[in-house]
Amino acid sequence: MTVDGRRDQVSGKLEAAALGAATGLRSTVALAALVVRRDDGLPAALRHPAAQAAATIACAGELVADKLPATPSRLSPRGLASRLIAASLAAAVLARREARNPVPAVVIASAAALGSAAA
């Protein structure tokens with residue numbers, strides 16, 4: 001493997017960790033970021049301009065809902081599950097874009113999401 005190939009692998013793992021950490025704090029943000037930038041790993045339907053608007057609205061809605069007193073803790077089972085699923089999906093998009101095995105990216109993103117949710 002070339003130095004550039006290793007650098008790409010490290011870069012992909014760092015990106016998975018960053019998206020996972022962001023998802024641990026706001027469950028919609030990582031997937032929304034991928035949709036808004038029209039990432040090549042996304043299915044065609046999620047690269048449509050309407051998907052960009054929906055992703056932006058979802059992020060804004062989560063931000064507002066998170067401030068409401070009735071909103072459960074992100075550490076509740078439902079909150080953690082949604083964060084782990086979203087982080088895993090975002091990591092799978094990254095792996096698909098790079099035509100790589102998604103398992104390492106999913107594990108890294110999920111661990112980062114758990115860590116940042118607990119922070």
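All of the numbers you see were taken from the coordinates with simple rules; none came from a lab. Because the structure is a prediction, the values reported are computed rather than measured. Please note: Cβ atoms are built from the backbone with ideal geometry, for glycine as well, and neighbour counts cover all protein chains shown.
So here's what we get for this one:
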quantity: Interchain or long-range residues, amide H under 5 Å from GLY41's placed H; calculated: ARG97
quantity: Net +/- balance of residues flanking ALA117 in space, Cβ distance below 11 Å, scoring K and R +1, D and E -1; calculated: +3
quantity: Burial ordering of ARG100, ARG78, fewest other beta-carbon atoms within 10 Å first; calculated: ARG78, ARG100
quantity: Relative contact order (%) - criterion: Cα under 8 Å, at least six apart; region: the chain; calculated: 41 percent
quantity: Given charges at beta-carbon only (K, R positive; D, E negative), |dipole| of the stretch 3-118 in Debye; calculated: 80 debye
quantity: CD proxy at 222 nm, helix term only [per DSSP H run n ≥ 4: -39500 (n - 2.57); per residue of the chain; nearest 500]; calculated: -25000 deg cm²/dmol
quantity: Charge tally in the Cβ shell below 12 Å around PRO43, where Lys, Arg are +1 and Asp, Glu are -1, PRO43 excluded; calculated: +2
quantity: Ranking of LYS13, LYS67 by count of other Cβ atoms within 10 Å, fewest first; calculated: LYS67, LYS13
quantity: Average projection area in nm² (convex hull over Cα atoms of the stretch 70-119, one quarter of hull surface); calculated: 3.5 nm²
